[in-house]
1. Taking the stretch 152-180 on its own, how many of its residues are over 21 Å from L53 (Cα atoms) and out of contact with any helix residue (DSSP H, G or I) (no Cβ under 7 Å at 6 or more places or on another chain)?
2. Only residues that are under 27 Å from A325 (Cβ atoms) and either in a loop (DSSP other than H, G, I, E, B) or among the acidic types (D, E) (or both): list them for the stretch 211-249, please.
3. What are the residues in the stretch 158-187 that are open to solvent by 50 Å² or more (accessible area, probe 1.4 Å), modelled with pLDDT of 95 or more and not in a helix (DSSP H, G or I), if any?
4. Search the stretch 321-354 for residues being modelled with pLDDT of 95 or more and among the charged types (D, E, K, R), and hand back the single one that is nearest to S289 (Cα to Cα).
5. May I ask you to list the residues in the stretch 287-300 that are over 16 Å from A237 (Cα atoms) and in contact (Cβ under 8 Å) with a residue 24 or more places away in the chain?
6. Quick test of your reading of the structure: L151 fulfils all but one of (1) closer than 30 Å to D336 by Cβ; (2) assigned to a loop (DSSP other than H, G, I, E, B); (3) open to solvent by 10 Å² or more (accessible area, probe 1.4 Å). Name the failing condition by number.
7. Just wondering, is there one or more residues in the stretch 309-318 that are of a type outside the set (F, W, Y), without any contact (Cβ under 8 Å) to a residue 12 or more places away in the chain and over 25 Å from T199 (Cβ atoms)?
8. Can you work out which of the residues in the stretch 70-100 that are in a loop (DSSP other than H, G, I, E, B) and open to solvent by less than 10 Å² (accessible area, probe 1.4 Å) is farthest from R44 (Cα to Cα)?
Amino acid sequence: MIEADVARIRAASHGRPGRPDPKAVRKAADAARRDSGAARHERRLTSGTIAALRAAGFERHFVPRRWGGEEGTFGAVLRAAAVVGEGCASAAWCAVLWAAHGRFAALLPEEGQKEIWGEGPDVRIAAALMPPSGTALRVPGGWSLQGEWGLVSGVDHADWVLLAAPETGRPGGAARVFAVPADLVAVRDTWNATGLRATGSNTVVLEATVVPDGRSVPLAALLAGDSTDGVPPCHAAPAHLAGGVMFCAPAVGAARRVLAVWSGWAQGAAPGRVRPLDRPSVQERLARSAAEIEAAGLLLGAAAGRADGGAITAEATAVNRRDVAIAADWLATSVDRLFRTGGAHLRDTEGELHRHWSDVLTIASHGALSLEPAAEAFARSLDGGADGA
């Protein structure tokens with residue numbers, strides 16, 4: 001039965017490219033920029049932006065080809081999310097997470113994958129994986145799952161939710177991940193941040209619900225990636241090897257837009273006054289920030305390349321964690337320097353520069369992009385002691 005479903009889905013998706021369509025990605029960026037004001041006000045993405053992101057192919061990007069997906073590359077999703085991030089980092093954040101969570105769902109048992117993608121690969125999946133929360137109790141045929149999970153980005157628009165919970169009822173029970181239809185969870189409106197304001201990273205609550213074994217997998221297995229011979233790199237890559245690249249992608253686009261908006265200000269001048277760009281101090285800040293933003297993009301591109309085609313080793317993982325954390329720091333530093341240099345009108349809370357500045361700083365503060373644990377892992381890798389997960 002599953003084989004017939006696979007054949008049908010493959011036929012329906014025949015001829016689609018293996019990466020986000022550049023024209024569709026640009027349209028998504030334009031839609032995200034156009035709707036950014038309404039999205040910030042409502043603290044969630046608009047329906048127009050959601051449709052444009054779907055058309056760009058983010059949801060299906062890492063979905064297995066047998067379900068009609070692309071099994072795409074990290075480099076492609078990095079570039080696409082950065083473009084969308086120029087329009088709205090919140091839209092890029094949700095887009096890249098919906099793609100990433102499809103990658104995780106591809107590690108569920110086959111029957112669970114069929115439930116999610118049996119009707120097609122364009123499925124939005126939200127997730128709350130770290131730290132695990134709630135409780136999971138073994139019952140015949142599955143698990144009784146219940147609890148509360150916070151910071152679930154894009155959940156208002158999700159079809160499914162991946163929830164991590166520790167096993168209860170057994171000493172030292174490990175955490176597991178469970179795929180739950182989104183209509184079974186209640187969403188509490190708890191997200192009211194300054195940065196990434198439109199991501200709707202709210203809290204979900206689930207009453208005791210039985211999740212079958214086919215929709216569950218150990219969290220450790222999910223984070224480690226699929227080590228089976230012949231699987232595509234996007235499913236083999238451990239979370240630490242590739243995750244930071246995707247988290248940081250929206251910040252690259254937002255930082256590039258900050259540079260463009262700021263440069264427009266610096267090149268202008270009131271009648272009879274010297275342009276800001278003609279002042280040596282402004283020129284120096286421009287040079288530093290432009291170089292840092294470009295360098296961050298190069299670091300992330302190299303990290304994506306290692307995740308896409310390099311050997312999966314503890315050393316490669318440690319280098320990627322190091323480079324992504326440094327890139328995030330450079331992006332935050334560069335946009336903060338420009339923000340502090342710009343004129344007072346650029347700092348208006350409703351202005352474009354302020355929006356992108358707060359988004360970049362919020363992204364850079366994410367735990368996955370923290371320099372301290374990344375630096376520790378890199379130092380340990382020199383002695384062969386880094387964890388390859």
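1. Of all residues in the stretch 152-180, those over 21 Å from L53 (Cα atoms) come to 163-180.
After this cut, where a residue has to be out of contact with any helix residue (DSSP H, G or I) (no Cβ under 7 Å at 6 or more places or on another chain) as well, the list is 163, 165-173, 180.
Result for the stretch 152-180: 11.
2. Matches in the stretch 211-249: G225, D226, S227, P232, A237, P238.
3. Matches in the stretch 158-187: D159, A186, V187.
4. Among those that are modelled with pLDDT of 95 or more and among the charged types (D, E, K, R), it is R337.
5. Going through the stretch 287-300, the residues over 16 Å from A237 (Cα atoms) turn out to be 287-299.
Matches in the stretch 287-300: R288, S289, A290, E292, I293, A295, A296, G297, L299.
6. (2)
7. Going residue by residue through the stretch 309-318, those that are of a type outside the set (F, W, Y) are 309-318.
Right, trim to without any contact (Cβ under 8 Å) to a residue 12 or more places away in the chain and you get 310-311.
When the remaining residues are screened for being over 25 Å from T199 (Cβ atoms), the result is 310-311.
Yes, because at least one residue in the stretch 309-318 is of a type outside the set (F, W, Y), without any contact (Cβ under 8 Å) to a residue 12 or more places away in the chain and over 25 Å from T199 (Cβ atoms).
8. Taking the stretch 70-100 and keeping what is in a loop (DSSP other than H, G, I, E, B), we get 70-73, 88.
Adding the requirement that they be open to solvent by less than 10 Å² (accessible area, probe 1.4 Å) leaves 72, 88.
Numbers: G72: 27, C88: 12 Å.
Per the criteria, the residue is G72.
The values are calculated or read from the model by the stated rules, or taken from the named source; none is laboratory data. None of the values given here were measured: they were computed from a predicted structure. Don't worry about glycine lacking a Cβ; one is built from the backbone with ideal geometry, like all the others, and counts go over all protein chains shown. Quick note on the areas: whole protein, heavy atoms, side chains included, nothing else; ligands and nucleic acids left out. Shrake-Rupley method; radii C 1.70, N 1.55, O 1.52, S 1.80 Å.
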